[in-house]
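These notes are about the structure you will find just below.
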Amino acid sequence: MKFDLATILSVVDGHLFTEIDNIYKILDYMTGESNFTHQLPRLSKECALVILERYPQLVEFKTNEGRIENWKEVLNNAIKKFGNEFEIEPLKNEEFIHIDPFLELEQMVGKDKIQLLFK
């Protein structure tokens, strides 16, 4: 499936160059799962490794900045350099770690806080 560079760079770089819905779409597609918000940072890192392995030219794209004030210019320059679409394939099972979303949330915040949410 083809994804635009804004979505791909959001996963690879960690800065948001697109709408959050697009991040869900690419990560859901790549993992074959419907992912929860708290899983996005981990899955982005895992998917970024695979994307960069398949498209090593994107390795040089790193903003290394906190907040990007000129993000549209940065994105437009990247599109000129790399093109606007890339074919992305689903991950193989060994390319990412499947963790039950509720178990992962429990590991992140603790069982006590989870129980408070569902009382």
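Condition first: free of Cβ contacts under 8 Å to residues at least 24 places away in the same chain and either buried (at least 16 other Cβ atoms within 10 Å of the Cβ) or among the polar types (S, T, N, Q) (or both). Now tell me which residues in the stretch 25-39 satisfy that.
Just the residues of the stretch 25-39 that are free of Cβ contacts under 8 Å to residues at least 24 places away in the same chain, to begin with: 25, 27-28, 34, 37.
If the condition is that a residue be free of Cβ contacts under 8 Å to residues at least 24 places away in the same chain and either buried (at least 16 other Cβ atoms within 10 Å of the Cβ) or among the polar types (S, T, N, Q) (or both), then Leu27, Ser34, Thr37 are the ones that fit.
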Point to revise | Pair list, Cβ < 6 Å and 6+ apart or interchain, from the stretch 89-101 residues that are more than 12 Å from Asn35 (Cβ to Cβ) and without any contact (Cβ under 8 Å) to a residue 60 or more places away in the chain to residues that are assigned to a helix (DSSP H, G or I) and aliphatic (A, V, I, L, M) | key: Glu95/Val50
Review point. Consider Lys80 against the criteria (1) farther than 23 Å from Pro101 by Cα; (2) touching a strand residue (DSSP E or B) at 6+ places or on another chain (Cβ under 8 Å): it satisfies all of them except one. Which criterion is unmet?
Key: (2)
Exercise for review: Any chance you could count how many residues in the stretch 70-98 are among the basic types (Lys, Arg) and either surrounded by 12 or more Cβ atoms within 10 Å (Cβ to Cβ) or over 16 Å from Asp4 (Cα atoms) (or both)?
Suggested key: 2
Practice item. Considering every residue within the stretch 49-69, establish whether at least one is closer than 30 Å to Phe102 by Cβ, buried (at least 17 other Cβ atoms within 10 Å of the Cβ) and within 12 Å of the chain's Cα centre (by Cα). Key: yes
**Study point:** Filtered residues of the stretch 68-88 (kept if over 15 Å from Ile8 (Cβ atoms) and touching a residue at least 24 places away in the same chain (Cβ under 8 Å))
**Key:** Ile68
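Only the coordinates and a few stated rules stand behind these numbers; no lab work does. Keep in mind that what you see is a predicted model, and the values were worked out from it rather than measured. So basically every Cβ, Gly included, is an ideal-geometry build from the backbone, and we count neighbours across all protein chains shown.
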